[in-house]
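Undergrad: Have a look at the structure that comes next, please.
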Amino acid sequence: MSDKLVEAPTGEKVPEKDLWKFREPYRVHKREEHFEAVLGGSCHCGEVKFQLSRETPLASKLCHCTTCQKQHAAPFQWAAIFHKGDINFHDGHHHLEWYDPTSKSIEHQLPCKVRCKYCHSPIMDEGRNMILMFPSLIDFPDKTARDRFKPRCHMFYPQRVMDIPDGLPKWSGINEDSDLIEDSPPEQIKELERKRKEKVEEEVHPGQRE
Ligand SMILES: [Zn+2]
Ligand SMILES: [Zn+2]
C-alpha cells in the first residue's frame, strides 16, 4: 500500500493506502443497493449515525478483559457481532477515529477500536472479518428488539471485577477457544468436553472416523 493516487469507488482520487475507507464497514450503501435498515443508532453527540440490516446479531457477549475495562471505563463490555456488510454509517469513515490496543497506534489497522472523533463514544471493535458493535448505541424501538441483543455468554471471566451469577456460559478467554468455568451451565460444559474429546481422537486416529 502506498501514497500512489488511485480512483476510489466514489470517483475521487485517493492514496492507495486509504482505500479501506471506501470498503465495508465504512462503505456508504447507495439507495439502489437495497440496504434494508432494520435498526439505527448513534454516538452520544450524534455526529456518528449508522443503520443495521440485521435485527438479530450473530452473537452477543460480555467481555471482562482488562483492556475492555480500561477502554470503556466500565466493569465489562457488551458487544454484538455482525458481518462488516451489515452496518451502514451515514457518513462512511468521517467523524470516526481508530486505536489499535496492541501497537497503541491511532492508524487504522486491524483489529482496532473505533470511536466518535468528537464525543469519543466507543462505536465498535473492527476485526479482520467481523465487527463487534456496542448495542448501547442502538435506538431500540421496543423491548422485543432489545431482547434480541441479550448477552449469550461471558468472555475473559477470570479478569472480572464482579461476579454475575446469571447462568450464562462463562469462558476463561475467547469463547469456544477457552474453558467454560465458574457457574456455566453443566450440560454445556459436558458438551464442550465431548467435542474436545472427539477432536483429540480425530487427531490421534486420523482417517478412522469415516
Ligand atoms: Zn459523537
Ligand atoms: Zn475485552
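The values are calculated or read from the model by the stated rules, or taken from the named source; none is laboratory data. Nothing here was measured: the structure is a model prediction, and the numbers come from that model. Glycine gets a Cβ as well: all are built from the backbone with ideal geometry, and neighbour counts include every protein chain shown. Just the protein is used for accessible areas: all its heavy atoms, side chains included, with ligands, DNA and RNA removed. Shrake-Rupley method; radii C 1.70, N 1.55, O 1.52, S 1.80 Å.
Undergrad: What does the charge count near P57 come to, summing +1 for each Lys or Arg and -1 for each Asp or Glu among other residues with Cβ under 14 Å from its Cβ? Don't skip to the answer; put the middle values down first.
TA: On the way: positive: R54, K61, K84, R146, R148, K150, R152; negative: E55, D86, D125, D147.
Net charge around P57: +3.
Undergrad: If you place +1 on the Cβ of every Lys and Arg, -1 on the Cβ of every Asp and Glu, and leave all else neutral, what size is the dipole of the chain about its Cα centre, to the nearest 20 Debye?
TA: Using Cβ point charges on Lys, Arg, Asp and Glu, the chain gives about 320 debye.
Undergrad: Follow-up. Before anything else, pin down the relative contact order of the chain: Cα pairs under 8 Å, at least 6 apart, normalised by residue count, whole percent. Present the calculation step by step, with values, prior to reporting the outcome.
TA: Numbers: 372 pairs, mean separation 35.8, N = 210.
Computed over the chain, the figure is 17 percent.
Undergrad: Treating cross-link reach as a plain straight distance, find the aspartates and glutamates whose alpha-carbon is under 14 Å from the alpha-carbon of K61, omitting any fewer than eight places away in the same chain.
TA: Leaving aside aspartates and glutamates fewer than 8 places away in the same chain, those within reach of K61 are D125, D147, D166, E176.
Undergrad: Right, something else. Just to confirm a number: summing +1 for Lys and Arg and -1 for Asp and Glu over residues other than D125 whose beta-carbon lies under 14 angstrom from that of D125, what do you get? Show your work: numbers first, answer last.
TA: Working: positive: K61, K70, K84, K113, R115, R128; negative: E97, D100, E126.
Overall, the nearby charge balance is +3.
Undergrad: Cross-link partners among aspartates and glutamates for K4, C-alpha distance below 15 Å, same-chain residues fewer than 8 apart left out?
TA: Leaving aside aspartates and glutamates fewer than 8 places away in the same chain, those within reach of K4 are E12, E16, D18.
Undergrad: Another one. Can you give me the accessible area per residue for segment 5-204, using a 1.4 Å probe, in Å²?
TA: Result: 57 Å² of accessible area for each residue.
Undergrad: Then there is this: List, in the order given, every pair from K49/K113; K49/K84; K13/K84 whose Cα-Cα distance in the structure shown is over 19 Å.
TA: Violating the 19 Å Cα-Cα cut-off are K13/K84.
Undergrad: Further question on the same structure: Of the heavy-atom accessible surface of the chain (probe 1.4 angstrom), what whole percent is carbon and sulfur?
TA: 51
Undergrad: Using the Karplus equation 6.51 cos²θ - 1.76 cosθ + 1.60 (θ = phi - 60°), what ³J(HN,Hα) coupling, rounded to whole Hz, does each residue of segment 116-121 give in order, writing x for Gly and Pro?
TA: 6, 5, 9, 9, 6, 4
Undergrad: What is the distance in Å between the Cα centres of segment 101-178 and segment 16-94?
TA: Between the Cα centre of segment 101-178 and that of segment 16-94, the gap is 11 Å.
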